[in-house]
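A.B. asks: Have a look at this one.
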């Protein structure tokens, strides 16, 4: 536990740590040098949005793979280039990066589909437990935020980044705690931008 970002509401603060820690661990695992191009798939998602902002703070060049409707959102988060989804990840990303992506954070659960979009010897961050098989010397980094659950120095660093405006807290919607099924259905349907937050302080609106 660490102090929440100053001036953040409780719902806003609740959107931060799980996903921002995942983004930070992803970037740590990739250990890219400034100027390297990073592709973030699912860049408007909860992890993807933080990954874009953190990567820019680290001095990386960020290519966001997102829908046409989300282009403004990911550019506002700091993406240098947006590749709209047209055909498939391989065709779309290699259309923008002929040699493939040096590194890709898979916030869209592309899994094996993402491999073809990555350059030989590149790296893929998997957020849903997928571990391969891989190809062409591509390294897979499975990331789980639970490994940093008690790393209060890291948690506090992230909270302060949000407090300083380096990270954007995005509440997709606030629902009473009595409606968890609705939240799950909306997540399963897709298209949620920001986090869905359940309000236990007022569970029966």
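The values are calculated or read from the model by the stated rules, or taken from the named source; none is laboratory data. Note that the coordinates shown come from a computational prediction; the quantities given were computed from them, not determined experimentally. Ideal geometry is used to build each Cβ from the backbone, glycine not excepted, and the neighbour counts take in all protein chains shown.
A.B. asks: Could you tell me whether region 99-113 includes any residue that is assigned by TED's automatic domain parsing to the domain that holds residue 22 and assigned to a helix (DSSP H, G or I)? Give the derivation first.
C.D. replies: If we filter region 99-113 for residues that are assigned by TED's automatic domain parsing to the domain that holds residue 22, which is where we start, we get 99-113.
Narrowing the set further to residues that are assigned to a helix (DSSP H, G or I) leaves 112-113.
Checking region 99-113: at least one residue is assigned by TED's automatic domain parsing to the domain that holds residue 22 and assigned to a helix (DSSP H, G or I).
A.B. asks: In addition: Does residue 159 satisfy the criteria of being part of a helix (DSSP H, G or I) and in contact (Cβ under 8 Å) with a residue 24 or more places away in the chain? If you could, list the steps in order and put the result at the bottom.
C.D. replies: Numbers: part of a helix (DSSP H, G or I): yes; in contact (Cβ under 8 Å) with a residue 24 or more places away in the chain: yes.
Yes, satisfied.
A.B. asks: Among what's in region 51-67 and is touching a helix residue (DSSP H, G or I) at 6+ places or on another chain (Cβ under 7 Å) and not in a helix (DSSP H, G or I), pick the residue that is nearest to residue 33 (Cα to Cα).
C.D. replies: So the first thing to find is which residues in region 51-67 are touching a helix residue (DSSP H, G or I) at 6+ places or on another chain (Cβ under 7 Å), and the list is 51-55, 58, 62-66.
Now narrow it down to the ones that are not in a helix (DSSP H, G or I): 58, 62-66.
Details: 58: 9, 62: 13, 63: 15, 64: 18, 65: 21, 66: 24 Å.
Checked region 51-67; the qualifying residue nearest to residue 33 (Cα to Cα) is 58.
A.B. asks: While we're here: Give the residue that is modelled with the lowest pLDDT, with candidates limited to residues of region 43-60 that are under 12 Å from residue 195 (Cβ atoms) and out of contact with any strand residue (DSSP E or B) (no Cβ under 8 Å at 6 or more places or on another chain).
C.D. replies: Filtering region 43-60 for residues that are under 12 Å from residue 195 (Cβ atoms) and out of contact with any strand residue (DSSP E or B) (no Cβ under 8 Å at 6 or more places or on another chain), the one modelled with the lowest pLDDT comes out as 45.
A.B. asks: Also, quick follow-up: Restricting to region 33-44, what's the tally of residues that are surrounded by fewer than 24 Cβ atoms within 10 Å (Cβ to Cβ) and within 24 Å of residue 91 (Cα to Cα)?
C.D. replies: Pass one, region 33-44, residues surrounded by fewer than 24 Cβ atoms within 10 Å (Cβ to Cβ): 33-37, 42.
Subset that is within 24 Å of residue 91 (Cα to Cα): 35-37, 42.
Going through region 33-44 one residue at a time, the tally reaches 4.
A.B. asks: Residue 147 is checked against (1) free of Cβ contacts under 8 Å to residues at least 24 places away in the same chain; (2) loosely packed, with under 14 Cβ neighbours inside 10 Å and fails just one. What number does that condition carry?
C.D. replies: That leaves (1) as the condition not met.
A.B. asks: Among the listed residues 70, 92, identify the single one that is in a helix (DSSP H, G or I) and without any contact (Cβ under 8 Å) to a residue 40 or more places away in the chain.
C.D. replies: Values: 70 fails: without any contact (Cβ under 8 Å) to a residue 40 or more places away in the chain.
The conditions single out 92.
A.B. asks: Within region 170-185, which residues are more than 18 Å from residue 201 (Cβ to Cβ) and in contact (Cβ under 8 Å) with a residue 60 or more places away in the chain?
C.D. replies: 170, the sole residue that qualifies.
A.B. asks: Can residue 48 be described as farther than 26 Å from residue 147 by Cβ and part of a helix (DSSP H, G or I)? Outline the logic, then answer.
C.D. replies: Values: farther than 26 Å from residue 147 by Cβ: no; part of a helix (DSSP H, G or I): yes.
No: the conditions fail for residue 48.
A.B. asks: Determine whether region 7-19 contains at least one residue that is buried (at least 17 other Cβ atoms within 10 Å of the Cβ), closer than 26 Å to residue 100 by Cβ, under 10 Å from the mean Cα position of the chain (by Cα) and in the same structural domain as residue 143 (by TED's automatic domain parsing).
C.D. replies: no
A.B. asks: Restricted to region 133-149, and to residues that are part of a loop (DSSP other than H, G, I, E, B) and modelled with pLDDT under 95, which residue is farthest from the chain's Cα centre (by Cα)? Please lay out each step first, then the result.
C.D. replies: At the first step, the residues of region 133-149 found to be part of a loop (DSSP other than H, G, I, E, B) are 133-138, 143-144, 149.
Subset that is modelled with pLDDT under 95: 144, 149.
Values: 144: 12, 149: 18 Å.
Filtering region 133-149 for residues that are part of a loop (DSSP other than H, G, I, E, B) and modelled with pLDDT under 95, the one farthest from the chain's Cα centre (by Cα) comes out as 149.
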